[in-house]
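Data block below; observations after.
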Amino acid sequence: PAPEPEQITAPAPAPALPEAAPAVPPALIDHARKVATDHRTRTGTDIDTATLRARLGIPEDLAGAIVAQLA
């Protein structure tokens, strides 16, 4: 008798790559650091993404990338 052919299955789809954090210019990091320091002085708490976004007038993903670098 002939050997049974090997069953070939399709590979599982590759997981989606995480979105790359937007590049943040060093000057913007410096400015954000000053804004965050001022916020901490006035409130006693670290600045959150939404507040930094509003203060700098930047998109949320960029604000999130900056807050992550400030931590």
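For segment 43-55, a tally of residues being assigned to a loop (DSSP other than H, G, I, E, B) and not hydrophobic (A, V, I, L, M, F, W, C) returns 4. Determine if segment 7-19 includes at least one residue that is outside any helix (DSSP H, G or I), of a type in the set (S, T, N, Q) and open to solvent by 90 Å² or more (accessible area, probe 1.4 Å). Scanning segment 7-19, I find at least one residue that is outside any helix (DSSP H, G or I), of a type in the set (S, T, N, Q) and open to solvent by 90 Å² or more (accessible area, probe 1.4 Å), so the answer is yes. Figure legend. Inter-residue proximity from segment 48-62: first residues more than 11 Å from A32 (Cα to Cα), second residues open to solvent by 70 Å² or more (accessible area, probe 1.4 Å), beta-carbon distance below 6 Å, spacing 6+ or different chains. Indicated pairs: E60/R53.
The residues listed here are G57, G64; of these, the one that is at pLDDT below 95 and open to solvent by less than 100 Å² (accessible area, probe 1.4 Å) is G64.
Listed by first and then second residue, the pairs linking a residue in segment 24-42 that is not in a helix (DSSP H, G or I) to a residue that is not charged (D, E, K, R), with Cβ atoms under 6 Å apart and 6 or more places separating them unless they lie on different chains, are V24/A65; V24/I66. Summed over segment 20-41, the residues that are under 17 Å from the mean Cα position of the chain (by Cα), of a type outside the set (A, V, I, L, M, F, W, C) and either at pLDDT below 90 or open to solvent by less than 80 Å² (accessible area, probe 1.4 Å) (or both) give a count of 2.
The values are calculated or read from the model by the stated rules, or taken from the named source; none is laboratory data. Note that the coordinates shown come from a computational prediction; the quantities given were computed from them, not determined experimentally. A quick note on method: Cβ atoms are made from the backbone with ideal geometry, for glycine too, and the neighbour counts reach across all protein chains shown. Remember, those area values only see protein heavy atoms, side chains included, never the ligands or the DNA or RNA. Shrake-Rupley method; radii C 1.70, N 1.55, O 1.52, S 1.80 Å.
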